[in-house]
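Participant: Before we start, here is the structure in question, set down as structure tokens.
The values are calculated or read from the model by the stated rules, or taken from the named source; none is laboratory data. Worth saying up front: this structure is predicted, and the values here are computed from it rather than measured. Neighbour counts run over all protein chains shown; Cβ positions are idealised from the backbone, glycine included.
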Amino acid sequence: MIIVAQRVIASSVTVDGEIVGSINKGLNLLLGVHKDDDRSSADFLAAKCADLRIFPDESGKMNLSLKDINGEALVISQFTLLGNCSKGRRPNFTDAAPAEKGRELYEYFIAKLKEHVAKVETGIFGADMKVEILNDGPVTIIINS
């Protein structure tokens with residue numbers, strides 16, 4: 001699994017003109033599932049996202065986690081994170097999990113993250129989504145399982 005974690009002031013995802021998920025201060029998490037991933041990958045990443053110290057403390061140092069600030073999370077499935085661009089001009093997505101496995105691990109990751117974070121919103125798996133991100137910092141971290 002790969003996650004692009006973005007520290008945000010606010011973020012939302014819209015499908016067919018309707019907001020389906022939105023958060024205030026917290027993390028926008030773009031999640032890609034690799035064909036070889038399993039539930040242990042999701043377990044690791046859910047805990048890592050909740051505990052990653054990338055929010056500022058009272059002195060401005062990145063020392064607080066999503067849990068510490070009682071932050072929110074918006075999880076959006078994004079298989080394109082597994083795109084391999086090493087050859088040619090079009091990405092190859094053979095490393096991405098098939099849709100059924102991707103959906104299962106996406107939903108499992110969300111369930112595990114909810115064990116750590118009070119508010120977790122989501123996009124819609126497989127939908128054409130429009131994402132608004134008010135990045136804070138900006139702080140963007142790539143996390144692999």
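Participant: Sort out which residues of the stretch 24-60 are more than 28 Å from Asp95 (Cβ to Cβ) and crowded, with 23+ Cβ neighbours inside 10 Å, and write them in order of number. Give the steps one after another, and end with the answer.
Facilitator: Narrowing the stretch 24-60 to residues more than 28 Å from Asp95 (Cβ to Cβ): 24-26, 53, 55-60.
If the condition is that a residue be more than 28 Å from Asp95 (Cβ to Cβ) and crowded, with 23+ Cβ neighbours inside 10 Å, then Gly26 is the only one that fits.
Participant: Being of a type in the set (Asp, Glu) and part of a strand (DSSP E or B) is the filter here, so list the residues in the stretch 30-75 that pass it. Spell out the reasoning first.
Facilitator: Of the residues in the stretch 30-75, the ones of a type in the set (Asp, Glu) are 36-38, 43, 51, 57-58, 68, 72.
Of everything in the stretch 30-75, just one residue is of a type in the set (Asp, Glu) and part of a strand (DSSP E or B), namely Glu72.
Participant: From the list Ala73, Ala10, pick out the single residue that is at pLDDT 95 or above and under 18 Å from Ile110 (Cα atoms).
Facilitator: Working: Ala10 fails: under 18 Å from Ile110 (Cα atoms).
Just a single option satisfies the conditions, and that option is Ala73.
Participant: Taking the stretch 76-102, which residues are under 18 Å from the mean Cα position of the chain (by Cα), polar (S, T, N, Q) and in a strand (DSSP E or B)?
Facilitator: Ser77
Condition check ((1) touching an Asp or Glu at 6+ places or on another chain (Cβ under 7 Å); (2) over 21 Å from Asp43 (Cβ atoms); (3) not basic (Lys, Arg)) across all residues:
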{"position": "Ser77", "(1), (2), (3)": "no, no, yes"}
{"position": "Thr80", "(1), (2), (3)": "no, yes, yes"}
{"position": "Arg89", "(1), (2), (3)": "no, yes, no"}
{"position": "Lys101", "(1), (2), (3)": "no, no, no"}
{"position": "Tyr106", "(1), (2), (3)": "no, no, yes"}
{"position": "Glu115", "(1), (2), (3)": "no, no, yes"}
{"position": "Thr122", "(1), (2), (3)": "no, no, yes"}
{"position": "Leu134", "(1), (2), (3)": "no, yes, yes"}
{"position": "Ser145", "(1), (2), (3)": "yes, no, yes"}
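Participant: Closer than 22 Å to Asp136 by Cα, in a strand (DSSP E or B) and of a type outside the set (Phe, Trp, Tyr): is that true of Glu121 in this structure?
Facilitator: Values: closer than 22 Å to Asp136 by Cα: yes; in a strand (DSSP E or B): yes; of a type outside the set (Phe, Trp, Tyr): yes.
Considered against the rule, which asks whether it is closer than 22 Å to Asp136 by Cα, in a strand (DSSP E or B) and of a type outside the set (Phe, Trp, Tyr), Glu121 comes out as yes.
Participant: Restricting the search to the stretch 1-29, which residues are assigned to a strand (DSSP E or B), over 14 Å from the mean Cα position of the chain (by Cα) and of a type in the set (D, E, K, R)?
Facilitator: Of everything in the stretch 1-29, just one residue is assigned to a strand (DSSP E or B), over 14 Å from the mean Cα position of the chain (by Cα) and of a type in the set (D, E, K, R), namely Glu18.
Participant: Does the stretch 63-70 contain any residue that is of a type in the set (D, E, K, R), closer than 18 Å to Gln6 by Cα, in contact with a Lys or Arg (Cβ under 9 Å, 6 or more places away or on another chain) and without any contact (Cβ under 8 Å) to a residue 40 or more places away in the chain?
Facilitator: Here is the first cut: in the stretch 63-70, the residues of a type in the set (D, E, K, R) are 67-68.
If we keep only those that are closer than 18 Å to Gln6 by Cα too, we end up with 67-68.
From the residues that got through so far, the ones that are in contact with a Lys or Arg (Cβ under 9 Å, 6 or more places away or on another chain) too are 68.
Still in the running and without any contact (Cβ under 8 Å) to a residue 40 or more places away in the chain: 68.
Yes: one or more hits.
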